[in-house]
1. Sort out which residues of region 85-106 are more than 20 Å from R2 (Cβ to Cβ) and either modelled with pLDDT of 95 or more or under 14 Å from the mean Cα position of the chain (by Cα) (or both), and write them in order of number.
2. Here are the criteria: (1) exposed (fewer than 11 other Cβ atoms within 10 Å of the Cβ); (2) touching a Gly at 6+ places or on another chain (Cβ under 9 Å). Tell me which single one L57 does not satisfy.
3. Which condition from (1) outside any loop (DSSP other than H, G, I, E, B); (2) free of Cβ contacts under 8 Å to residues at least 12 places away in the same chain is the one that K59 breaks?
4. Would you check if there is a residue in region 43-62 being on the phi > 0 side of the Ramachandran plot and either aromatic (F, W, Y) or modelled with pLDDT under 95 (or both)?
5. Looking only at region 35-48, count every residue that is surrounded by fewer than 17 Cβ atoms within 10 Å (Cβ to Cβ) and under 19 Å from A113 (Cα atoms) and tell me the total.
6. Select from region 83-102 the residues that are assigned to a strand (DSSP E or B) and within 23 Å of K23 (Cβ to Cβ) and list them in ascending order.
7. In region 75-114, how many residues are farther than 12 Å from G49 by Cα and of a type in the set (A, V, I, L, M)?
8. Name the pairs whose Cβ atoms lie under 6 Å apart, with the first residue in region 1-30 and farther than 18 Å from V112 by Cβ, the second of a type in the set (D, E) and open to solvent by 30 Å² or more (accessible area, probe 1.4 Å), and 6 or more positions between them or separate chains?
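The values are calculated or read from the model by the stated rules, or taken from the named source; none is laboratory data. Please read these numbers as outputs of a predicted model, since none were measured by experiment. Because the Cβ atoms are built from the backbone with ideal geometry, glycine has one as well, and the counts that use them run over all protein chains shown. Areas reflect the complete protein model, heavy atoms only, side chains present, ligands, DNA and RNA absent. Shrake-Rupley method; radii C 1.70, N 1.55, O 1.52, S 1.80 Å.
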Amino acid sequence: MRMALGVDVVNIERIRTLSAGVKTRLFHPAELALAATMTEEVATEYLAGRFASKEALGKALGCGLAALEPATLLVDRKADGSPTFVLGDAHRAHVAGREILLSISHDSPVAVATVLLYGGSDGTQ
């Protein structure tokens, strides 16, 4: 079984200083819409966690964030409240059938995300 790990840490204040144009290139429209319903402090922390998640996925996949087109990649919540990626066709091609586990944590001044990819075959099984 193949496994890969990606971790990213984001300074929350860095997200606060992004222009609206940059935010539209980094965040899915649904993420921005939800952030718009929050106080600035909570929204900034929320977006920092989403950005860290996307970076961590790019690292686990070995392709980097740019290859994932971050504005098309949605970090959502499952029914139990745990974070999950909602993958489009291009994202599924990168993931190649592997399962994704995602964990996000915030503690000012940083947000951190960890992604574990597992499954598939390394040719030995």
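1. Result: V86, G88, I104, S105, H106.
2. Answer for L57: the failing condition is (1).
3. (2)
4. yes
5. 2
6. P83, T84, F85, V86, L102
7. Of the residues in region 75-114, 9 are farther than 12 Å from G49 by Cα and of a type in the set (A, V, I, L, M).
8. The qualifying pairs are R2/D122.
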